[in-house]
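What follows is calculated from the coordinates using simple rules that are stated; it is not laboratory data. The structure presented is a predicted model; accordingly, all values stated were derived computationally and were not measured. No Cβ is skipped: glycine too gets one built from the backbone with ideal geometry, and neighbour counts run over all protein chains shown.
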Amino acid sequence: MNILIDRLHLRLMQLNPELYLQLQEEHRVTDYLNSFLLVPGDPEETLCDAITPTRYDYVASVMREEFEETFLRFSGSGILIYELINLAAACTDVFQHFGFPDKEDSRMLRYAVIGTIAEYLEGELENEF
């Protein structure tokens with residue numbers, strides 16, 4: 001049973017780091033993962049089905065495509081997940097304004113997220129000096 005929970009734990013961290021950190025802060029990771037053991041079928045598959053595209057995923061995709069050099073630098077430094085979570089939080093108002101995830105394919109949403117990421121990264125550069 002512990003091996004299965006460990007696998008679910010790793011899977012949740014991969015699929016939705018934002019949710020994982022939120023559950024961790026609330027001390028509810030184990031309860032959340034145990035709920036998947038109560039559902040008939042494969043718990044790992046059920047977990048994967050329950051995790052829908054997130055703001056984190058959207059920001060990661062935009063960052064990878066539009067800011068590749070920075071994405072790779074963050075990844076190489078080991079801070080990518082942390083920065084993507086911060087960026088998703090910085091984009092909260094944009095996501096709400098454009099109705100994410102219902103309007104996930106909106107060009108205007110994408111441009112607004114790109115602008116927010118650019119502003120965030122400019123702030124990061126200013127903080128380095």
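Note on ARG73 and HIS27: their simple-model spin labels are 4.0 nm apart, each label 7 Å out from Cα toward Cβ. Between ALA88, ALA118, ALA50, the Gaussian network model of the chain with springs among Cα atoms under 10 angstrom shows the greatest mean-square fluctuation at ALA50.
When exposed loop sites are taken as trypsin sites (Lys or Arg not before Pro) in a DSSP loop with at most 13 other Cβ atoms within 10 Å, the longest stretch of the chain clear of them is 29-102. If you wrap the Cα atoms of the chain in a convex hull and average its projected area over all directions, you get 9.3 nm². Legend: calculated FRET efficiency, LEU37 to GLU104, from the Cβ-Cβ distance at R0 = 41 Å, rounded to 0.05, equals 0.85. With R₀ fixed at 22 Å, the C-beta to C-beta distance from LEU4 to ILE51 puts the FRET efficiency at about 0.80. Just to be sure I understand: with springs between alpha-carbon atoms less than 10 Å apart, which residue in GLU83, GLU18, GLU119 has the highest mean-square fluctuation in the Gaussian network model of the chain? Comparing GLU83, GLU18, GLU119 in the GNM, the peak value goes to GLU119. As a ratio to 2.2 N^0.38 Å, the alpha-carbon radius of gyration computed for region 55-128 takes the value 1.05.
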